[in-house]
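Data first, discussion second: the structure below is written as structure tokens.
The values are calculated or read from the model by the stated rules, or taken from the named source; none is laboratory data. The model shown is predicted, which means the values in this text are computed figures rather than measured ones. Don't worry about glycine lacking a Cβ; one is built from the backbone with ideal geometry, like all the others, and counts go over all protein chains shown.
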């Protein structure tokens, strides 16, 4: 097929938003759609090549896979290899374990399955995963395994059936994508069956072009108009989409249809062709694959190395470095491997590729066996890190499911993972008393009824809470109910920023709306959620329960165990380097004013800020050598042990 400069320009238009999105620029909240653009382009180019080979009867799977290996593997291997020393020196054990596992999955082209399998609610933030972006390469590689075989089979049976068959498959894939985005959003994001329609869309465009295309019989002015519509669709999705957008789903039609329109109608002479054939965009497009590979590790390692969030100037500089590094990788790694015409070099490439894959897999396995190469740290540092980093959680009764077993305890703890982090310490505190204690907690579920998780449309949390309330109402034994949750996160929909470079990431996954009316402004939704809190607590009080509400536990912002190791390396281990201003906590929880005003004769408030921020100026996340948090926001055992006595005192003072 002839070279189309505008497609390289389109590649540039795809990779730039992806990089800006991962850099954290909010204006490019939909920058992730660049991956969808790549899928459509890839499907188009691969199918064009295969159709040409089938038509000339030169189709060869061996040749096809060798071309794909030359295109994909050299740069991927190089970037992964360069990541290893940075991971070795900078990543703490838990994050190094994650890196080792992801490297192993890259070596067998299954990193999308690995990142999908990370169902643990407490995994490290996605911004800190150097190889996270390889999930899209795995999807493409899996597509390359099945699609050429399918295309050749249909071609041999009946050529005319190729387009209808692929159209049906694309429709089914889009249907499953839409369904999964609301029921199993993580699977829908990562898996080939729910992403395949985007690649198939590119394949259908290639089939159209192979059969003569449609742009040739449409008047030129319509070519220009349709390609401009495609460009507008793509740019619009980059700007209006964000982490709240259920994706891929039908929302992905905007950038993918836009890409298809550009490929089909951005013919020579159209404005879109002129824009995308711009020399700068074309050159950026040529190095877009390498830029895509290198940008995520640069950002991730910078975030790991920094004590806080890297500054804007550093992020911008790293973005520029991504393109500079990409040029050299393209010139000295990509191009030499793609140019080789030596027929014997295929065997050498296969041998080299397999050797590197085995080495990566072995390194990953060794990292897993050694628990993230934990021997890199001295015993004292490692002990402190591991003591805090092991989450102080014990799920009981109804984790991720509806509670059914009866409540027989005198004291019941309910809430989300913040409640669960208190459970072992409270259990130990009540061991010496005559009162029986149990807990019914659910991660990521706020104490609300009639609400759903907006990025899944699921009311599972609401149904769990209804079931727990029913069991509490039916229990004559339950005198006390302790309620704890990350109240501010659910009400504001925003992660905590401690103003000193520590912030929660991924907070948008826990964004709640009223199921009866999802089209609410942020302020209206915040009001709904706070009123929902009040109603939930009021139901417990109306049931005759004595209720202790644990006010918002101060959030750390930093991953405290990781920060400990960084500060230890810099010889700056002081409690002052683990604290942030109390004023920041007060601002973060200001929306809870109405909730905190709730009063009742059987309602008692526990105030963690009086314990963790007791000097009235700073909130403390450590009492060295103890670390009070196990990550960015959950209390460690040491932190929970500080709060448990205050809860015990309230119950002892007011029990019947």
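I'd like to check something: does segment 601-609 contain any residue that is out of contact with any strand residue (DSSP E or B) (no Cβ under 6 Å at 6 or more places or on another chain), part of a loop (DSSP other than H, G, I, E, B) and free of Cβ contacts under 8 Å to residues at least 24 places away in the same chain?
yes
Search segment 108-131 for residues that are closer than 17 Å to residue 634 by Cβ and pair each with any residue that is at pLDDT below 75 and in a loop (DSSP other than H, G, I, E, B) when their beta-carbon atoms are under 7 Å apart and the residues are at least 6 apart or on different chains.
Sorted first by the residue in segment 108-131, then by its partner, the pairs are 122/391; 125/505; 125/506.
One line per residue, one yes/no per condition, for (1) buried (at least 24 other Cβ atoms within 10 Å of the Cβ); (2) within 24 Å of residue 315 (Cα to Cα); (3) modelled with pLDDT of 90 or more:
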| residue | (1), (2), (3) |
| --- | --- |
| 16 | no, yes, yes |
| 23 | no, yes, no |
| 27 | no, yes, no |
| 34 | yes, yes, yes |
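Anything in segment 202-259 that is modelled with pLDDT under 85 and under 22 Å from residue 46 (Cβ atoms)? List them, or say none.
Matches in segment 202-259: 211, 212, 213, 214, 215.
Being in contact (Cβ under 8 Å) with a residue 40 or more places away in the chain, in contact with a helix residue (DSSP H, G or I) (Cβ under 6 Å, 6 or more places away or on another chain), surrounded by 16 or more Cβ atoms within 10 Å (Cβ to Cβ) and in a helix (DSSP H, G or I), is that true of even one residue in segment 572-587?
Yes.
Test each condition in (1) part of a helix (DSSP H, G or I); (2) at pLDDT below 90; (3) out of contact with any helix residue (DSSP H, G or I) (no Cβ under 9 Å at 6 or more places or on another chain) for residue 70 and report the one that comes out false.
(3)
If residue 82 passes every condition in (1) surrounded by fewer than 23 Cβ atoms within 10 Å (Cβ to Cβ); (2) over 14 Å from residue 134 (Cα atoms); (3) at pLDDT below 95 but one, which one does it miss?
Of (1) surrounded by fewer than 23 Cβ atoms within 10 Å (Cβ to Cβ); (2) over 14 Å from residue 134 (Cα atoms); (3) at pLDDT below 95, only one is false for residue 82: (3).
Does residue 454 satisfy the criteria of being buried (at least 18 other Cβ atoms within 10 Å of the Cβ) and modelled with pLDDT of 85 or more?
Answer is no for this residue.
Among the helices (runs of 4 or more DSSP H) lying completely within segment 326-392, list those that include at least 1 residues that are at pLDDT 90 or above and within 26 Å of the chain's Cα centre (by Cα).
Hits in segment 326-392: 345-369.
For segment 203-211, indicate whether the set of residues that are assigned to a helix (DSSP H, G or I), surrounded by fewer than 17 Cβ atoms within 10 Å (Cβ to Cβ) and either under 34 Å from the mean Cα position of the chain (by Cα) or at positive phi (or both) is non-empty.
Within segment 203-211, none of the residues are assigned to a helix (DSSP H, G or I), surrounded by fewer than 17 Cβ atoms within 10 Å (Cβ to Cβ) and either under 34 Å from the mean Cα position of the chain (by Cα) or at positive phi (or both).
Any chance segment 53-63 includes a residue that's closer than 28 Å to residue 188 by Cα and in contact with a helix residue (DSSP H, G or I) (Cβ under 8 Å, 6 or more places away or on another chain)?
No, that holds for no residue.
Suppose the filter is farther than 19 Å from residue 326 by Cβ, within 31 Å of the chain's Cα centre (by Cα) and touching a residue at least 40 places away in the same chain (Cβ under 8 Å); does residue 86 pass it?
Here the answer is no, as residue 86 does not meet what is asked.
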